[in-house]
Each structure stands twice: as structure tokens, then as C-alpha cells.
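This report concerns only the one structure given below.
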Amino acid sequence: QAQTALVATKLQPSHQMAMVTQFAVLCVSLVFPGQASTVTAVAGGQAAVTPLQKVLELLEGMSAKGKEAMHAEKVEFSAFSQWCESTKSETSKSIELATSQIVQLEADIEKAESDAEILAAEVEELESQLAAAQAEAQNATEIRKKEHADYAAMHADFSESLDAIARAIQVLRAKVADVPQAQAESLLQARDSLRLPARAKALIDAFIAEGSDASADGVPEANAYEFQSGGVVTILEKLEKKFQDQRFVLEKEELTAKSSFEMLMQRLTGTITTAEKSVAEKTAAKAGRLSDAASAKGDLEVTEASKVEDEKKLADTTAECEARSKEFEANQALRAQELQAISEAVEILSTDAVKGNAETYLPSMIQGGSRAVTSLAQLRGSFEGDVTALRQRVSSLLEKRGRALDSKYLMLVATHVSADPFVKVKKMIKELIVKLMEQANAEADHNAFCKTELATNKMTRENKQAEVEGLMAAVDEHTAKSVQLANEIADLSSAVAELQQQMAQATELRQEEKSTNTKTVADAAEAQVAVQKAIEVLKKFYGKTSDEAPSMIQSGATEAASEPYKGMMAESGGILGFLDVVLSDFARLEAETSAEEDAAQSSYDKFMAESKQDESVKQAEIDHKTSSKEQTDSSTAELKRDLEATQEELDAALDYYEKLKPDCVNTGLSYEKRVEMRKEEIESLKEALAILNQEDLA
């Protein structure tokens, strides 16, 4: 396009005059500032810049603007890309966490519902056992009441019979064995006892009848009966002993029944109490598990909804990021092509084919117009004597600008202006302008690179620093959790070991106690058998001697020659009674020891069941916490690997930042200031070149 414009300019005289006028205005304004307005008025307000220079300036401006826009777009897309990666990473982690939480919640719900069902079945079974135990306790209580009532009636009957027999014996033995009529009622009362055998009742009736007959004969104040023999007393004493034995057996049976009932009630009461406690605990546990299931279901719904939102967010973010990425790549490609086209155009316009020919032919074409020839001739005539002044002016201008801008290029050109021919100087100025423009372009590229890399590096350093801090916090948290779990496992293990030791000690004590109780019961039973045998021997002997004594009803003899020997039982002080007490003590010892053994065994069984259950619960907690600790340690190791990798990435980003510092941060003057100074250098060189071009025109 620039070449076409130049060709069109050559073919159109009006364009040639415009260029000549613009160049003349530039020269006059530089050398004779006071005449600039005159020349500008003659030129009809035309600018003092050629179209080719204007095109080059516009293209250079477009190139700089395009590079800046390209850089800004890179920085913006870099930030957007970081946002995309961060958002997708966080959302993916959130989805992954939600997925694992959903699996865990579903497992928790299933476990809670299963536990609730198991607890419900256990509660139902316990309630059935409780009802059975309560029914058994009630039935046993009723039976015991009936047994005790029967015992009380029989015991009262035996006691009444023994009391009547004792009073009858006392009556028969009173006052030299003669019984007054007033005391015969005691014999009648003994006779009326339901437990007297028929033979004893017959003897008492005969005894009373004889007394009555004697009274009927009219003997005043006669005794009811003259005591003839001790046969009736002996029979009554045997009956008394028999009743005492039967009452003792009854009391022993009552004691055994009472002890058995108390043991049964103790066992049933313990069973009922334990069952009620277990029912309450398992009912509460069931309610708790159902509450856990309901809570987990609510959490599951929230987690599933959150997962759906995160999945939608991830899909939308992925789509948006892909679209923006494609758009960015397309824009970058288009901008690169645009900058390439501008660069090629500037390169073409800067070649001798365009710029060189323009400088060669355009001045001669400027002389084509009569008005222009007249104006240039006048100007040339005014400049002919001022070549030396012009050189000095250009040299002074370049030297002044070079010192102000601290530019070695301007100082170099100022040195050559006064010594070298204008053609050589102008060529050097053009080369310097091109070199400065190339430096400007290179620095613009470098500045864009620095901005992009610094922005990306800053974002990377901040993100990696945040990740490192988060990972360090997570590592510390997991480490603390692992230590806590280890302490809890150690405490539980100690508790299990102590529980096992207690169970071992309880088992050892129970075995010793059981051995002792078993021996005691066996010894008591053996003693009872021996005592009972001794009693039977004594009873058998003394019962035989009593039977062999002469009967008091055999004949009507009024007196016996002598008292028959009946043994030493009467003088023994109640040996059989003492033996009965001893037998009763051994029976009570057996019953009490058996009851204590049953109670101790029940207590031991209960302790062992509770201890084993406690051990199972603690062992389950140990297994669970051990699994949790292993998972925590695995997560900690993974977090440490992530932390190490992230720390390496952060260190790499910091190292890269240190490498960027010399060229992108610690550069002394800012980029904007360097651009401004370079622009002034180029403008100064262009201004000097314009002045030198005035000399050529002159």
C-alpha cells in the first residue's frame, strides 16, 4: 500500500507540491523559526511531514499498540487461566470429596439401619425374656406363699400336739404318779390331738375311763387313777420325740424351700434388672441409630445436591475456559499475523526501493511546478550563504539533545555533522533511527515478555505459597490426629489388657471359691449322713428298750417289783436334741453354701459376660481407630509428597523470579521513561535529518 501511494504521488503534481511545501516548512522552522509562519501560509497550511514518514510512524504506532494489546491479552488470559485451573481443581476436589462422602454416608445409613434392626430384635428378645422372668417370679412367689402357709399350719399342728403331749406327761408324772381328777382334762386334750396314733388314744381313753369308774363308786375325793405303770408315759414320750423329729424335718424342708426361693428370686431379680437395663439401653441405642440414619440421610441429600451443583459448575467452567482458550489462541494468532504484516510493510517501506527512491526522485519532482520552483529558488538563495551556520546549528542541536537525554547516539552524530559530508551523516542518522526503532521494538517485546512472565510468576508464587501453607496445615492436622489416635489406641489396649487380667483373676478366684464351696457342700452332706446315722442308731437302740419294757395295761397288778432299766437317755441331757441341732447346722451350712455358690457363679457369669462385651467393644474401637490411623498416616504421607512437590514448584518459581529481576525488575529507569527518552532521541535524529535535507534542497 505504501509503494502504491508513492507511485500515485509521483503521478500527481499536486501531491508533489504538497510534499515540497511540507519539507520547506520543516526546513524553515528548524533554521529560521521566524520565517516558518510565512512558508506555512504559502503552503496553504500543509504539514511539514512527508506521507511516507507519516505512514511509517502510523505503522510503528500500530505495531507498538498491537504488541501492548497482545501483552495485555496474555496477562489477562494468564490470570483467567490460573482462575480456570484453580476453579476446576477446587471443584474437582469438591466433587471427589462429595463422592467419597456420599459413599460413606450411604454406608453409614445402611449400617445405622442394620444396627437399629438388630437392636429392635434384641429388644424384642429381651422383652420376651423379661416377661418370662417376671411370670416365673410371680408364679414362684405364689407357690412359695402356698408352701409357707402349708408349713405354718403343719408347724402349728405339731407345736400344739407337742404342747398337749408335754402337759399330759407332766400330769401323769405329778405327785407320786397319782393324777387328780381336775387334771384329767390335760389327758383329754392330748387324746384329741389329730396326730396321736390310735393305740395311744386307746390307752388314754382306758386310763381316763378307769379313773371315771372309780369316782362313780362313791369314794369321796378319790384320785382319777392310781398310777400303775410308766407305759403310757413312755408311749407319750416316744410320740413327743417323733413329733419333734417330724417338726424338725418340716422346719428343715421349710428352710431349704425358703433358701431355694430366695436364690431363685435373686437370680430372677438380677435377670429382670439386667433385662430392664438392657432394654432401656438398647431402646435408647436404637433411637440413636435411627436418629443417626435420619441425620445421615439429610446430609446425603445436601451432599448429593452440592455434588450436582459442583458438577454443573465444573462443566460450565470447563466449557467457558475452553471457549476462552480457543478465542485467546485465535486472537493471539491474528495479532501475531497482524504484527508480522506491519513489520513486513515497514521493512518494505524502509528499503531503498521505496524510501531511497523517494529521497532520490521526490526532490527533483518537487522542481516541476513553477510556483514551487520559484519558492525553492528563493529559499535556496537565502540558504546558500548559511551552510556553515546550518552545520553548526544541527551539531549544536544534536549535542544539546544528546546531553539532555544522555544519548551516545546523538553525541556521535553531533560530532560527525561538522566534519563529514551531509550524505554520509544522513545515512548514519537513518541507520541510527532504524537501530533505535529496532531497539524500541525489541524492548517492547521484552517488556511484554517481562510483564507476562512477572504476572504469571507472581500468580504462581502466590498460588504455590497458599498451597504450601494449606498442605503444611493439613500435614500438621493429620499428624496431630495420628498421635491422638495412637494415644487412644494405647489407652484402649491398656484397658483391654487390664480387663483381660481382671477376668483371669476373677476366673482364678472363682475356681478357688468353687472348689472350696464344693468341698464344703460335700463335707456338710457327708456330715449330715453321719449325724443322721448316729441318730438312727441311738433311736433304734432306745426305741427297742422302750418296747421291751412291761406294759402298764398288761395286768391289774398294783405294784411292780422293781423299775426296768431303760438306758441312760434320760441322764444324757438331751443328746438327740443336740444331734438334731448339729444336723440342722450342717443342713443350713449346705444350703447356705450352695446358695452362696450359686450367687457367686451367677455374679461371675454376669461379670464375665459384661467384661467380654466390654472387651469386644474396646477391641472393635481399637480395630476402627487402627484403621483410621493407617488411613491418616497414608494421607499424611501423600500430603507430604504433595507438599514436597509443591515446595519444589514454589522454589522453582522463586528461582525464576530471581532470574527475571535483573532484566525485568532492577532495570534502573522504568520502561515508560526509557520509551519516552528513546522517542525523543528518534525525534531529535529525525529533526536533524530534516535540517540536513533542507541543505540538499538548498
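Since every read-out is calculated from the coordinates, none of them should be taken as a lab result. Because the structure is predicted, anything quoted here is derived from the model rather than measured. Note: ideal-geometry Cβ built from the backbone for every residue, glycine included; neighbour counts use all protein chains shown.
The length gained by stretching the chain between GLN129 and LEU454 to full extension, at 0.36 nm per residue less their Cα-Cα distance, is 109.1 nm.
Give the distance, in whole Å, between the Cα centre of the range 72-90 and the Cα centre of the range 246-299. Measuring centre to centre over Cα atoms gives 70 Å.
Taking each residue as 0.36 nm, the span from LYS659 to ALA284 lengthens on full extension beyond its C-alpha to C-alpha distance by 128.2 nm.
For the listed peptides 105-111, 589-595, a ranking on the average number of other beta carbons within 10 Å per residue, highest first, reads 589-595, 105-111. Per-residue packing, averaged as other Cβ atoms within 10 Å, sorts the ranges 317-329, 521-533 into the order 521-533, 317-329, beginning with the highest.
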